[in-house]
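What follows is a single structure, written as structure tokens, with notes after it.
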Amino acid sequence: MGRLFMKLMKTLFASVLVWAFLLSSAQAQEFEPNYDESKVPDYELPDPLTFSDGSKVNTPSEWEKRRKEILRLFENYVYGKMPGKPENLTFEERKNIPDALDGLATLKEIRIHVKQNSQKHHFDLLLFIPNKPKKPVPVFLGLNFDGNQSVHPDKNITITDSWLRNDEDCKIYNHKATKDSRGCSRTRWPVERILDRGYALATIYYGEIDPDFDDGYQNGVHPLFDEQYLDTSRGNNCASIGAWAWGLSRGADYLEQDPAIDNEKMAVLGHSRLGKTALWAGATDQRFDLVISNCSGCGGAALSRRQFGETVGRINSSFPHWFCENFKKYNQNEEELPVDQHMLMALMAPRPVIAASAKQDQWADPKGEFLSVKHAAPVYKLLGKKGLPVEEMPVINRPVYNTTGYVIRNGGHDLNNYNWEVYLDFADHHFDYNRLLNQD
């Protein structure tokens, strides 16, 4: 009788899971995004310069207190609590090729070993350093989608053996990379151009940090974290975006001690979900001296309260592992969020930050991305910096920036050469970088 009861209970539980999945899938399929500005709801943004108790921020020292308060709000209600540096962190140089890319660069592969609570994990950082400058150079650090070998076809780059999303265009099958995946994403990573401009480029495959599927946080770096960061019942568990951002900080740990890198000129960059990640990394780790968001949309640069294109409810149903459990409380309830994304932008202050949109990428809400940058301006002003030099969205392909920046280009959801030219110019401007290529 007991066995029969347990069998019935297991069958019932399985049925509940199936129905829950079908309901979630149906809700996702039924979602109709709003692309009509006249249907954007009226909303009131939280003031980044007002404490939760209603008192005002009037000085830079008071902002530092408010900054910590905002950071905790994002941890508790959006991205989850961030673990610190692991108890054991080591770097293994697995390759050092001084004449890579026909002598243009030194190519390094660094295995980042992390250990915490008797658990071990590793992931690989690929680094290109231009050979011509004779002094430490600035660096762009960003995560990639398809393995380090996808960034450039150079056969010296190790092909990842980690789980990947299947991608016919990238020749990724059965969740494994093939030799034909070399350089398949090179249009997003113009390595030679970045090196020509005198910058180093570092990248990590994000799936080596945490595989991008909902597995209950059992794989990747999550098993290293203490229970306080993993317990979903707390609501502020460290989800996948938090884990990826944590991995970017471990990349910064390596870069700041490499003598070829100017560790006061480190830029963090990301596209789409990895643009969300770059923003969160920039907010939680102030060693990133410049922050770049490319088409990051909902949960990234776009204002949640606009409910334009992808919404909080839609992103949480499609990707339940990206954000902490508490964020799901705001599905179709954005107006109750204690934060919005302009406050995330403000957390970068006084450091430079730029957001980019694409005209055909309405899913990511270009206007919402622009408004986030715009409404961060009061914080920058308080700290003696200038926000955007315009009040209205700029025309297509016309970057605008002071300390904060924004650009919208033609085309769709992608990271391309045009974007990189803007980011290189933005970095030149803020790093006061006067063509190291022409200096001895």
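Among the candidates LYS385, LYS367, single out the residue that is touching a residue at least 12 places away in the same chain (Cβ under 8 Å), open to solvent by 20 Å² or more (accessible area, probe 1.4 Å) and assigned to a loop (DSSP other than H, G, I, E, B). From the options LYS385, LYS367, the qualifying one is LYS385. Determine whether the stretch 89-99 contains at least one residue that is among the charged types (D, E, K, R), modelled with pLDDT of 95 or more, open to solvent by 40 Å² or more (accessible area, probe 1.4 Å) and touching a His at 6+ places or on another chain (Cβ under 7 Å). There is at least one residue in the stretch 89-99 that is among the charged types (D, E, K, R), modelled with pLDDT of 95 or more, open to solvent by 40 Å² or more (accessible area, probe 1.4 Å) and touching a His at 6+ places or on another chain (Cβ under 7 Å). The number of residues in the stretch 206-215 that are without any contact (Cβ under 8 Å) to a residue 60 or more places away in the chain and open to solvent by 10 Å² or more (accessible area, probe 1.4 Å) comes to 1. Taken over the stretch 158-189, residues that are open to solvent by less than 20 Å² (accessible area, probe 1.4 Å) and in a loop (DSSP other than H, G, I, E, B) amount to 6.
Could you tell me whether ALA239 is at pLDDT 95 or above, of a type in the set (Gly, Ala, Ser) and closer than 24 Å to TYR77 by Cβ? In short, yes.
To keep it simple, each residue is scored yes or no on (1) part of a strand (DSSP E or B); (2) among the β-branched types (Val, Ile, Thr); (3) in contact with a Ser or Thr (Cβ under 7 Å, 6 or more places away or on another chain).
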residue: LYS65; (1), (2), (3): no, no, no
residue: GLU75; (1), (2), (3): no, no, no
residue: VAL78; (1), (2), (3): no, yes, no
residue: PRO86; (1), (2), (3): no, no, no
residue: THR90; (1), (2), (3): yes, yes, no
residue: ASP99; (1), (2), (3): yes, no, no
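Among the conditions (1) part of a strand (DSSP E or B); (2) at pLDDT below 95, the only one that LYS134 does not satisfy is (1). Entry remark, the stretch 400-411: residues being over 19 Å from the mean Cα position of the chain (by Cα) and either under 23 Å from GLU37 (Cα atoms) or open to solvent by less than 50 Å² (accessible area, probe 1.4 Å) (or both) number 6 in total.
So, THR203, is that one β-branched (Val, Ile, Thr) and open to solvent by 10 Å² or more (accessible area, probe 1.4 Å) or not? Spelling it out, it is not the case that THR203 is β-branched (Val, Ile, Thr) and open to solvent by 10 Å² or more (accessible area, probe 1.4 Å). On the stretch given as the stretch 217-256, residues that are assigned to a loop (DSSP other than H, G, I, E, B), open to solvent by 40 Å² or more (accessible area, probe 1.4 Å) and in contact (Cβ under 8 Å) with a residue 60 or more places away in the chain total 1. Screening the candidates ASP47, ASP53, ASP42 for the property of being outside any helix (DSSP H, G or I), open to solvent by 50 Å² or more (accessible area, probe 1.4 Å), at pLDDT 95 or above and in contact with a strand residue (DSSP E or B) (Cβ under 9 Å, 6 or more places away or on another chain) yields one hit, ASP47.
For the stretch 138-157, filtering for residues that are open to solvent by 40 Å² or more (accessible area, probe 1.4 Å) and within 16 Å of ARG111 (Cα to Cα) leaves 1.
Table: residues versus (1) closer than 30 Å to SER61 by Cβ; (2) of a type in the set (A, V, I, L, M, F, W, C).
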{"site": "LYS359", "(1), (2)": "no, no"}
{"site": "ALA376", "(1), (2)": "yes, yes"}
{"site": "MET393", "(1), (2)": "no, yes"}
{"site": "VAL407", "(1), (2)": "no, yes"}
{"site": "GLY411", "(1), (2)": "no, no"}
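Scanning the stretch 372-382 for residues that are closer than 19 Å to GLY297 by Cα and open to solvent by 20 Å² or more (accessible area, probe 1.4 Å) returns LYS374, HIS375.
Quick grid of which residues meet (1) among the charged types (D, E, K, R); (2) within 13 Å of the chain's Cα centre (by Cα); (3) under 22 Å from GLY198 (Cα atoms); (4) surrounded by fewer than 24 Cβ atoms within 10 Å (Cβ to Cβ):
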| position | (1), (2), (3), (4) |
| --- | --- |
| GLY270 | no, yes, yes, no |
| LEU274 | no, yes, no, no |
| ALA281 | no, yes, no, no |
| ILE292 | no, yes, yes, no |
| CYS298 | no, yes, no, no |
| GLU310 | yes, no, no, yes |
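To keep it simple, each residue is scored yes or no on (1) open to solvent by less than 10 Å² (accessible area, probe 1.4 Å); (2) more than 17 Å from TRP280 (Cβ to Cβ).
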{"site": "LYS328", "(1), (2)": "no, yes"}
{"site": "GLU335", "(1), (2)": "no, yes"}
{"site": "VAL339", "(1), (2)": "yes, no"}
{"site": "MET343", "(1), (2)": "yes, no"}
{"site": "LEU347", "(1), (2)": "yes, no"}
{"site": "PRO350", "(1), (2)": "no, yes"}
{"site": "SER357", "(1), (2)": "yes, yes"}
{"site": "GLN360", "(1), (2)": "no, yes"}
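The values are calculated or read from the model by the stated rules, or taken from the named source; none is laboratory data. If you're wondering where the values come from, they're calculated on a predicted model, not measured in any experiment. With ideal geometry, Cβ positions are generated from the backbone for all residues, glycine too; neighbour counts draw on all protein chains shown. With ligands, DNA and RNA removed, areas are computed over all heavy atoms of the protein, side chains included. Shrake-Rupley method; radii C 1.70, N 1.55, O 1.52, S 1.80 Å.
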